[in-house]
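The values are calculated or read from the model by the stated rules, or taken from the named source; none is laboratory data. Just so it is clear, the structure is predicted and the values come from calculations on it, not from any experiment. Here the Cβ is made from the backbone with ideal geometry for all residues, glycine too, and neighbour counts use every protein chain on show.
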Amino acid sequence: MTRALARAGGDTARISEPPDPGSIGGYAISCQDERDEPAAPVDCARLERLAARALASLGVPSGAAISILVVGPARMSELKGRFLGSAEETDVLAFPVDDPGSPSPGPVVLGDVVLCPEFAQRQARALGRRPDGERELLLVHGILHLLGHDHADRRGEWEMSREERAILLQWGEAR
């Protein structure tokens, strides 16, 4: 895990543990599934590879660190309530730390992407998508948020959607 700290409303709390020194595609990426009895299986190694592909596609310098945390619905609701003030269930949360465009000493720690596979599975079913494809989309979406992208307006939504499609298309071609 990265040494990412979630920052929201002036509150700082550790979401993930320090990273293992391993490198995937030149990035320090780790995925941890903290669920005791997962209802929706997740391939963390696959998510780590996708994260590396996304970071490279987005021009993030090698050496950057990211943590992917896989949680159940109750933990996701707790995190959303604690950091965003709304304890409803959601599919993905992003907790950015460093801005890769701002020089700082040491490696860039982009932050944490938190995924709820059970929510993603229900969402995929409702939208007629594959559950693994939905999880991959949500991971890329979270990474874009770590890098400062937002979908608060139509232009931002369009730009994020375009980036997501491009990365996932490359990912599909690479497999």
- Task: Of the numbered conditions (1) of a type outside the set (Lys, Arg); (2) at pLDDT below 80; (3) surrounded by fewer than 18 Cβ atoms within 10 Å (Cβ to Cβ); (4) not in a loop (DSSP other than H, G, I, E, B), ALA45 fails exactly one; give the number of that condition.
- Result: (2)
- Message: So, GLY128, is that one free of Cβ contacts under 8 Å to residues at least 60 places away in the same chain and on the phi > 0 side of the Ramachandran plot or not?
- Response: yes
